[in-house]
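A short worksheet on the structure shown next.
Since every read-out is calculated from the coordinates, none of them should be taken as a lab result. Being a predicted model, the structure only gives us computed values, none of them experimental. With ideal geometry, Cβ positions are generated from the backbone for all residues, glycine too; neighbour counts draw on all protein chains shown.
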Amino acid sequence: MTSVLPAGAPQVREPEGARLDGIRPGLARPQAFLLLIADADIDRSGQLADALAEHQVTAILCADGAEALLAAGAEHPDAVLAAAALPIVGGAALTRALSARTTIPVVVGIGDGDGLVAAEALSAGAAACVAHPYRLRELLPILRAIRPESLVELVPPLEAGSLRLDPSSLEVTLHGRLVRMPMRELRLLQLLMTRADRVVTREQIRDSVWGGVPGSNTITVHVQRLRQRLGDDQVDPKMILTIRGVGYRLVPPPSM
């Protein structure tokens, strides 16, 4: 079944707040970009949809090329992002069918060994090819070129010592090493990094990261998980300090 994930609304995973989305105060949100994602890996597509929602992209998820053709005709998306290796109707065939019947731009995701499919897709009318699995920093400029007014501008990376967070690609690195974490922990880290060396209260964390919903224990558990991912000592932390009775303070880790 086709899934429609409206930007700014709860996604297929746990709902996320929209307070740290990089939109400057006073600027109205642009009209959402409607993107149809055709990929057999729906879990990975859902993760991509969650990330794209931060940039005002509404995602329609389809598991195969035939379903994508039907959804494209029904929903009239701004663009289609199709994996080259699609069940039933492949990426190149999907591109050819859409190019013959619509003006919808098609971006084809190319993995290892998909070179011939990429050439075929481009000959069939694909607007562009992009590496698959997708990376936001490569995908967003392509979507922005299709509808420049629709996407939130890229947010500059945050740096605190050797800790770096790129809100545009949703990547965290520590001492140059990639640290993977779920969206909620990434938002928590983003909040702490924007106030590095300053105390962030539990109330601020609750309001900014959870929209005022969770209890104290939920915040504690997420801080513990974040420490574990960053290699911080749970008993004697050096990076994310507990300010008893108040909140937490991030101490930028020194360069190695």
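Using 0.36 nm per residue, how much length does the chain from Gln228 to Val246 gain when fully extended, once their Cα-Cα distance is taken away? Could the numbers behind the result be given before it?
Numbers: separation 18, 0.36 × 18 = 6.48 nm, distance 2.13 nm.
In short, 4.4 nm is gained.
I need the peptides 189-201, 44-56 ranked by packing, meaning the mean over residues of other C-beta atoms within 10 angstrom, with the highest value on top.
On the way: 189-201: 17.2, 44-56: 22.0.
Answer by packing, highest mean first, reads 44-56, 189-201.
Residues Cys129, Cys62, arranged from fewest to most other Cβ atoms within 10 angstrom of their Cβ, appear as Cys129, Cys62. In plain terms, the residue of Leu163, Leu158 with the fewest other Cβ atoms within 10 Å comes first and the most crowded comes last, giving Leu158, Leu163.
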